[in-house]
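Remarks on the structure that follows.
The values are calculated or read from the model by the stated rules, or taken from the named source; none is laboratory data. The shown structure was predicted, so the numbers you read here are calculated from the model rather than taken from an experiment. All Cβ positions, even for glycine, are placed from backbone atoms using ideal geometry, and neighbour counts span all protein chains on display. Side chains included, ligands, DNA and RNA excluded: accessible areas come from the protein's heavy atoms. Shrake-Rupley method; radii C 1.70, N 1.55, O 1.52, S 1.80 Å.
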Amino acid sequence: MARFVFALCGAAWLAAVASALDSSSRIEAFTGAAVQQPAADPGSPRAVFDRYCISCHNQRLKTAGLSLDAVDPASPAEHAEIWEKVVRKLRAGTMPPIGRPRPDKPAVAALIASLETGLDSAAAARPNPGRAPLHRLNRTEYANAIRDLLALDVDVRALLPADDTDEHGFDNVAEVLTVSPALMERYLFAARKIGRLALGYPTGPGVELYTLPRMLAQDDRLSEDLPFGSRGGAAVRHFFPADAEYKIKIKLKSNLYDYILGLGRPQQLDVRLDGALVKRFTVGGRSDLNPPPPSFSGAMRGNSEYEIYAHDADAGLDVTLPVKAGRRTVGVFFTRQAWEQEGVLQPVQTGYPLAVNEQHDGLAAVDSIAIDGPFKITGPGDTPSRRRILLCTPRGGDEDACAKRILSTVARRAYRRPVSDDDVRTIVEFYKTGRKDGTFESGIQFALERILIDPDFLFRAERDPSGVKAGAPYRLSDLELASRLSFFLWSSIPDDELLDEAARGRLKEPGVLAAQVRRMMADPRANALVDNFAGQWLVLRNIRDAAPDPDLFPDFDENLREAFRRETELFIGSQVKDDRSVPELLTANYTFLNERLARHYGIPGVQGTRFRRVTLDAGQRGGLLGHGSLLTVTSYPNRTSPVLRGKWLLENILGTPPPPPPPDVPALKDKGENGRPQSVRERLEDHRRNATCAACHAQMDPLGFALDHFDAVGKWRDADAGTTVDASGTLPDGSTFKGLDGLRTLLDSRREQFVATVTEKLLAYALGRGLEAYDMPAVRKIVRDAGADGHHWSAVVLGIVDSVPFRMRRAESGN
């Protein structure tokens with residue numbers, strides 16, 4: 001969809017001429033010919049556009065590529081794409097631009113209502129649900145489908161390449177989910193590996209390496225899967241593919257010179273399997289060596305005996321043990337010693353001291369855990385995946401009947417529909433091929449591999465029914481609707497209950513559909529809305545790649561990064577699970593904190609690593625906009641950015657993204673003319689002196705300034721570059737606010753605009769395609785209907801599921 005911006009019109013004489021002319025003569029001056037039109041009612045949409053817009057947006061000038069003098073606002077459906085853009089700009093308050101005369105707010109509201117009414121009426125009379133192309137499962141959907149189909153969790157990152165994202169940041173959009181020969185080869189490889197793992201026949205021993213982040217502080221209990229009194233290490237959920245022996249090897253963290261940390265005192269390192277102690281090692285504190293040096297530098301100055309030990313102290317940290325097949329928790333951690341300081345410490349995280357670490361008598365830490373195997377396999381074991389697949393055991397001569405039952409059940413779930421005789425016949429032939437030179441289970445395995453590379457599994461295909469006219473809308477079948485619903489709410493395949501209702505033809509019934517939506521929203525699989533939708537909508541996923549400058553922000557470490565992510569996920573998850581009002585995302589007076597994050601925020605009374613809900617005092621925090629995760633991903637590594645934060649707010653909160661910047665934007669100056677360091681606000685004020693830059697920055701910067709009390713890692717501050725932070729802002733429409741409180745109040749006054757933005761994003765995610773102008777009436781209807789229920793999450797989700805774009809599809813045009 002083309003972007004446009006209402007820019008200032010030319011040179012000084014243009015403004016002078018425009019102000020001297022009345023509406024009709026102004027049009028004549030700019031178009032070169034008189035436009036013969038009957039006099040418009042002064043309050044009509046035509047009159048408003050003639051007075052405030054046509055002087056720039058006419059056939060001659062076409063400012064920003066837009067001409068409004070040749071389209072009729074009284075019949076907006078005739079040029080819906082243009083008028084939807086105009087509505088968006090009017091709602092954003094960016095039209096007309098700063099410096100131009102503006103209609104008053106009641107006139108703007110009336111104009112918006114007039115245009116939307118015309119657009120919505122036309123859409124109701126002639127619905128256009130749109131048409132998405134063939135939809136390949138993305139990597140996340142593939143992994144979830146394997147989990148729900150075979151009760152098997154696989155690390156798809158090692159099997160399949162990452163997916164592309166569309167311009168709005170979603171990776172489940174059909175148009176970007178392309179297919180290549182190389183990708184099909186990876187699907188074949190994945191099917192072979194998954195088929196063997198599911199039945200407990202791995203291809204051979206292999207090593208899985210779990211590496212802990214370098215900047216992870218291991219000074220306290222790091223996981224709720226580890227016992228109280230533990231310190232550092234990790235709890236690894238590892239899949240053991242067969243009953244066999246496995247080797248667990250631990251490598252300890254070392255410094256820049258490969259000297260292992262924390263060897264000055266004896267420390268206890270535990271290895272546990274599902275909570276049971278496997279082995280306890282003693283690390284450090286060797287009394288048989290020369291006295292340890294005061295620092296690693298001392299070791300390098302000639303204490304060769306200790307130097308060798310400091311390199312190889314973890315050489316024997318391994319254990320071999322028999323393990324039953326299945327997913328189990330391997331815990332590796334230190335037990336807290338009496339001499340260790342209680343509570344969560346706050347180490348200096350600046351890069352060089354952390355890497356060198358001269359203190360040899362500090363805390364030892366785990367660098368990685370390697371799990372090698374299987375060796376000496378005794379059998380496939382009794383795993384959830386085998387129980388899910390092997391529904392029967394052949395007795396005597398009934399192998400083919402048992403195989404048919406097993407494979408038809410798996411295929412029905414994989415293909416998301418009842419299977420035909422041809423489907424079953426094809427799969428059984430693959431079973432027979434695998435059975436010919438092997439066992440019953442090897443035949444099942446070969447047939448499973450065939451199912452996992454079937455287009456009906458890898459793709460979501462919606463076929464136009466016979467008899468539908470080219471380009472005409474039609475309702476999806478119940479089975480197609482079931483797939484849309486499950487991939488929307490769960491990012492996975494339908495379960496048996498949903499599939500059964502669809503196969504009976506009952507899913508289209510409003511009561512049945514609503515009941516299924518509520519059931520699915522209550523299921524843990526609905527966490528996909530947080531992990532996938534919210535993670536992409538809010539660009540929360542970018543927190544894993546954030547790299548604040550360690551010299552400027554020495555408090556930032558992996559513990560804080562993880563706490564940022566966890567806070568936002570728990571907060572959004574609680575909002576959805578408790579069916580709160582969508583605007584409460586911005587206004588809630590609570591969040592989820594552990595001690596590490598609470599200390600960063602300056603909130604007292606929170607202790608330990610466990611996250612808990614904390615009610616906040618009014619002021620510095622509250623709602624999404626006070627979350628360190630979002631404040632960090634909208635900053636540069638070395639400073640805050642009101643521009644990035646303002647752009648993020650326009651795109652993801654207000655739904656009015658600014659146009660892309662020109663290619664020759666100059667960098668901000670670090671210092672003023674007097675050589676004094678400038679705050680970011682002062683630098684941007686210099687930048688906006690350029691009129692071309694000011695047109696866009698007038699929308700973004702004020703919103704970003706409201707968050708300027710938060711530094712680049714979300715910590716509160718009162719000054720920037722020695723200047724007191726000024727968190728006030730004024731938008732082009734004259735709205736003023738100050739700080740996070742003022743911004744929250746402003747956004748709460750525009751709650752329907754925020755709900756509409758969430759609805760747009762959620763509908764695009766649900767459909768797997770970008771929204772077009774013909775989708776906007778459906779968005780407005782969802783928002784209006786949800787408003788009667790207080791804009792609760794369930795109302796928005798049910799509105800999407802019941803909408804024209806979700807339940808219908810446009811037939812191929814035939815052109």
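Structure above, values below:
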{"read-out": "Criterion violated by GLU584 - all others in (1) closer than 28 Å to HIS791 by Cβ; (2) charged (D, E, K, R); (3) at pLDDT below 95; (4) open to solvent by less than 50 Å² (accessible area, probe 1.4 Å) satisfied", "value": "(3)"}
{"read-out": "Number of positions in segment 452-500 that are open to solvent by less than 20 Å² (accessible area, probe 1.4 Å), without any contact (Cβ under 8 Å) to a residue 40 or more places away in the chain and among the charged types (D, E, K, R)", "value": "1"}
{"read-out": "Some residue of segment 714-728 being at pLDDT 85 or above, among the acidic types (Asp, Glu), over 29 Å from ARG102 (Cβ atoms) and open to solvent by 50 Å² or more (accessible area, probe 1.4 Å)", "value": "yes"}
{"read-out": "Lone qualifier among ALA764, ALA706 - being of a type in the set (A, V, I, L, M) and more than 30 Å from ASP557 (Cβ to Cβ)", "value": "ALA764"}
{"read-out": "Any hit, segment 791-814, residues being without any contact (Cβ under 8 Å) to a residue 12 or more places away in the chain, in a helix (DSSP H, G or I) and more than 23 Å from the chain's Cα centre (by Cα)", "value": "no"}
{"read-out": "Pair list, Cβ under 6 Å, 6 or more apart: segment 535-548 residue surrounded by 16 or more Cβ atoms within 10 Å (Cβ to Cβ), other residue not in a helix (DSSP H, G or I)", "value": "GLN536/GLY169; GLN536/PHE170; PRO548/PHE556; PRO548/PRO637; PRO548/ALA712; PRO548/VAL713"}
{"read-out": "Restricting segment 155-173 to residues that are of a type in the set (A, V, I, L, M) and open to solvent by 30 Å² or more (accessible area, probe 1.4 Å), the residue that is nearest to LEU540 (Cα to Cα)", "value": "ALA162"}
{"read-out": "Members of segment 75-110 found to be assigned to a loop (DSSP other than H, G, I, E, B) and either crowded, with 17+ Cβ neighbours inside 10 Å or at pLDDT below 80 (or both), listed by number", "value": "GLY93, THR94, MET95, PRO96, PRO97, ILE98, GLY99, ARG100, PRO101, ARG102, PRO103, ASP104"}
{"read-out": "Residue list for segment 313-340, filter: open to solvent by 70 Å² or more (accessible area, probe 1.4 Å) and in contact (Cβ under 8 Å) with a residue 40 or more places away in the chain", "value": "THR320, PRO322, LYS324, ARG327, TRP339"}
{"read-out": "Test for ARG147: is it part of a loop (DSSP other than H, G, I, E, B) and in contact (Cβ under 8 Å) with a residue 40 or more places away in the chain", "value": "no"}
{"read-out": "Failed item in (1) of a type outside the set (D, E, K, R); (2) in a helix (DSSP H, G or I); (3) open to solvent by 50 Å² or more (accessible area, probe 1.4 Å); (4) touching a Ser or Thr at 6+ places or on another chain (Cβ under 6 Å), with THR140 passing the rest", "value": "(3)"}
{"read-out": "Any chance ASP748 is of a type in the set (Asp, Glu), in contact with a Pro (Cβ under 8 Å, 6 or more places away or on another chain), part of a helix (DSSP H, G or I) and surrounded by fewer than 21 Cβ atoms within 10 Å (Cβ to Cβ)", "value": "yes"}
{"read-out": "Number of the exception - ASN527 against (1) among the polar types (S, T, N, Q); (2) within 30 Å of LEU624 (Cα to Cα); (3) open to solvent by less than 50 Å² (accessible area, probe 1.4 Å)", "value": "(3)"}
{"read-out": "Residue match in segment 803-815 (condition: more than 22 Å from PRO133 (Cα to Cα) and not polar (S, T, N, Q))", "value": "no"}
{"read-out": "Breaking point among (1) surrounded by 20 or more Cβ atoms within 10 Å (Cβ to Cβ); (2) more than 22 Å from SER230 (Cα to Cα); (3) not polar (S, T, N, Q), for ARG596", "value": "(2)"}
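Each row is one residue, and each column tells you yes or no for (1) open to solvent by 30 Å² or more (accessible area, probe 1.4 Å); (2) closer than 30 Å to ALA482 by Cβ; (3) out of contact with any Lys or Arg (no Cβ under 7 Å at 6 or more places or on another chain).
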| site | (1), (2), (3) |
| --- | --- |
| ARG386 | yes, yes, yes |
| ALA401 | yes, yes, yes |
| ALA414 | no, yes, yes |
| ARG435 | yes, no, yes |
